[in-house]
Amino acid sequence: MLGLGTGLALIIAIGAQNAFVLRLGIAGRTATVLPVVLVCSLSDALLITLGVLGIGAVITALPGLVTAVRVLGAGFLLVYGAMAARRALRLGGEALDANVGEVVGRGAAIATAVVLTWLNPHVYLDTVLFLGSLANQYDGARWWWAAGAVSASFLWFFSLGFGARLLRPVFARPGAWRVLDGVIAVVMLALGVRMALGG
């Protein structure tokens, strides 16, 4: 239960990954949302498992690898943020159905989810180092603790991805999409700049 609560506390904070899943979820295409939430959840599960196995020490010993991930991740976030800003500032705006087509195809959505997950150095700090360290404080119960943290990831991403469709009536208005894209742009650009500066 403690692992579940800690996992949720780390995952729920708005970030690039959550903003992307939210936008896909609002569009409501199950064929796209399902593989994306599976990528996010299974990635967290793998990273938490690696943390419990002690891979955090290896990551700490390879600062060059962390720097490379940080630079690539920052670049991706800045480009993605600029694209969201462009959508938000577009004159006229579109209603829900027009935006559904622009969200991205299934392959591109999966690729984006992979990049947002694996090129984010904070995911290694949160899951591998932090959650892995916490789990290992519970000795014999560490795998139960890790199972709770993994469950939190699945619970959150499936809830976000499939629960977001409840917001579809709101996003039938073009202005609502512009506001969401504006928020996503701010989040992505802020994270990208922070990551580029090594924060």
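The values are calculated or read from the model by the stated rules, or taken from the named source; none is laboratory data. No experiment lies behind these values; they were computed from the predicted model shown. Ideal geometry is used to build each Cβ from the backbone, glycine not excepted, and the neighbour counts take in all protein chains shown.
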Task: Qualifying residue in the stretch 162-179 (condition: at pLDDT below 85, farther than 14 Å from Ala16 by Cβ, in contact with a Lys or Arg (Cβ under 8 Å, 6 or more places away or on another chain) and part of a helix (DSSP H, G or I)) - done: yes
Task: Which listed residue, of Ala146, Ala135, is in contact with a helix residue (DSSP H, G or I) (Cβ under 6 Å, 6 or more places away or on another chain), under 15 Å from Leu42 (Cα atoms) and modelled with pLDDT under 85 - done: Ala146
Open item on the list: If I ask for residues that are surrounded by 18 or more Cβ atoms within 10 Å (Cβ to Cβ) and modelled with pLDDT of 80 or more, which ones from the stretch 70-83 would you list?
Closed with: Gly81
Open item on the list: I'd like to check something: does the stretch 33-51 contain any residue that is within 19 Å of Phe158 (Cα to Cα), of a type outside the set (Asp, Glu) and either touching a Lys or Arg at 6+ places or on another chain (Cβ under 8 Å) or modelled with pLDDT under 75 (or both)?
Closed with: yes
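What residue, of Thr6, Thr67, is among the polar types (S, T, N, Q), modelled with pLDDT under 85, in a helix (DSSP H, G or I) and under 16 Å from Phe130 (Cβ atoms)?
None of the others qualify; the one that does is Thr6.
Looking at the stretch 18-25, is at least one residue within 15 Å of the chain's Cα centre (by Cα), at pLDDT below 70, of a type outside the set (Ser, Thr, Tyr) and within 22 Å of Ala84 (Cα to Cα)?
Within the stretch 18-25, none of the residues are within 15 Å of the chain's Cα centre (by Cα), at pLDDT below 70, of a type outside the set (Ser, Thr, Tyr) and within 22 Å of Ala84 (Cα to Cα).
Restricting attention to the stretch 168-197, which residues are more than 19 Å from the chain's Cα centre (by Cα) and touching a residue at least 24 places away in the same chain (Cβ under 8 Å)?
If the condition is that a residue be more than 19 Å from the chain's Cα centre (by Cα) and touching a residue at least 24 places away in the same chain (Cβ under 8 Å), then Arg168, Phe171, Ala172, Arg173, Pro174, Gly175, Trp177, Arg178, Val179 are the ones that fit.
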Task: All positions within the stretch 84-110 that are at pLDDT 80 or above, in a helix (DSSP H, G or I) and either touching a strand residue (DSSP E or B) at 6+ places or on another chain (Cβ under 8 Å) or surrounded by fewer than 14 Cβ atoms within 10 Å (Cβ to Cβ) (or both) - done: Arg86, Leu89, Gly107, Ala108
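Residues Ser153, Ser133: which one is surrounded by fewer than 17 Cβ atoms within 10 Å (Cβ to Cβ) and part of a helix (DSSP H, G or I)?
Ser133
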Open item on the list: Name the residue that is nearest to the chain's Cα centre (by Cα), counting only residues in the stretch 156-167 that are crowded, with 19+ Cβ neighbours inside 10 Å and among the small types (Gly, Ala, Ser).
Closed with: Gly161
Open item on the list: I'd like the full set of residues that are within 12 Å of the chain's Cα centre (by Cα) and at pLDDT 75 or above, limited to the stretch 111-123.
Closed with: Thr112, Ala113, Val114, Val115, Leu116, Thr117, Trp118, Leu119, Asn120, Val123
